[in-house]
Amino acid sequence: MKVCRFKQDGIVRVGLVIDGSAVLDLSSAGITRLTTLLEDENPVSRLGQLAQENLPRVPLPEVQLLAPVERQEVWAAGVTYLRSKAARMEESDFSANAYDRAYSAERPELFFKSLAEKVAGPGELVGIRQDATWNVPEPELALVMNAKGKLVGYSVGNDMSSRDIEGENLLYLPQAKIYSRSCALGPWITLGVPEPAAREWVIRLAIKRDGCAVFIGETSVAKIKRSFTELAQYLFRSQEFPHGAVLLTGTGIVPPETFTLRANDIIEIEISGVGLLRNSVTVV
Ligand code: DO4
Ligand code: MG
């Protein structure tokens, strides 16, 4: 089941996506916040009941989707794919050992990525820093956890990154990762899928410039080295998230070293089982 946030008549609403073609307006059944569903004991059965009610239905193409986060902090895991470890070790002699160690260590690399209010939603602009020369999208499966740390859903995430800044010195990681429009999520949240089924999903990235694809890549969720449970447990260790949390699970698609994003590029990230997140690029 897929739930979304959308805007209609100036009001933010919560919807159930039906057959990828329409959205049932759950706000008219009193569900005005996604978090209400995410914190429910059994959101899938609650949604099953709501789907039987005669709720207003809006065709999907007419819906203005919003980022599917309300007050959750967004965090990210790093070097969870061999591809990410290798690319980062090539990018920086200086920090190569740190990436190598983080990939194999018991403790995963986890870093804060974004406040919910700063996340770009479907169709919104994502940013490349004006002081960076080498910028890439990082297409990542996003885990959606409720306040108890229970994994309740999945979304598509983009951990926009400045590779030259990260490569210069690992202490600059927050500047390489956290800046205006550096995080995108959407188009919605898929609920009720156990981890083994989600590990069969494929992640695809296409970057388009002037109507042509300038990069395409593909990986699979199965290649993520760590289990979702392990990542979620580390995130919630000695830390409370009263509104829940979203955790990006790391990138396994890295464009070649000669590639950098430009303003007006279009980034399309698709995860089978979730959907397609499309954003265009601006300089911030
Ligand atoms: O270690 C730096 C960040 C890694 C990351 O964002 C990734 O592997 O996706
Ligand atoms: Mg990343």
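The values are calculated or read from the model by the stated rules, or taken from the named source; none is laboratory data. This is a predicted model, so every value here is computed, not measured. Don't worry about glycine lacking a Cβ; one is built from the backbone with ideal geometry, like all the others, and counts go over all protein chains shown.
Within the stretch 53-80, the set of residues being within 13 Å of the chain's Cα centre (by Cα) and assigned to a loop (DSSP other than H, G, I, E, B) comprises 67, 68, 69, 72. When residue 264 is tested against (1) on the phi < 0 side of the Ramachandran plot; (2) in contact (Cβ under 8 Å) with a residue 40 or more places away in the chain, exactly one condition is not met: (1). Of everything in the stretch 11-28 that is modelled with pLDDT of 95 or more and small (Gly, Ala, Ser), the residue that is farthest from residue 243 (Cα to Cα) is 22.
Cβ separations smaller than 9 Å between residues 6+ apart or across chains give the following pairs from the stretch 19-32 residues that are touching a residue at least 40 places away in the same chain (Cβ under 8 Å) to residues that are in a loop (DSSP other than H, G, I, E, B) and β-branched (Val, Ile, Thr): 23/63.
Taking every residue in the stretch 164-187 that is among the β-branched types (Val, Ile, Thr) and assigned to a helix (DSSP H, G or I) and pairing it with any residue that is crowded, with 18+ Cβ neighbours inside 10 Å and modelled with pLDDT of 95 or more, at least 6 positions away or on another chain, the pairs with Cβ-Cβ distances below 6 Å are 165/132; 165/176. Checked against (1) touching a strand residue (DSSP E or B) at 6+ places or on another chain (Cβ under 9 Å); (2) more than 16 Å from ligand 1 (Cβ to nearest atom); (3) not basic (Lys, Arg), residue 75 passes all but condition (2). Going through (1) part of a loop (DSSP other than H, G, I, E, B); (2) farther than 18 Å from residue 158 by Cα one by one, residue 250 falls short only on (2).
Here is the figure for the stretch 96-109: residues that are more than 8 Å from ligand 1 (Cβ to nearest atom) and among the hydroxyl-bearing types (Ser, Thr, Tyr) total 2. Per the listing 244, 211, 250, the residue uniquely more than 16 Å from ligand 1 (Cβ to nearest atom) and crowded, with 21+ Cβ neighbours inside 10 Å is 244.
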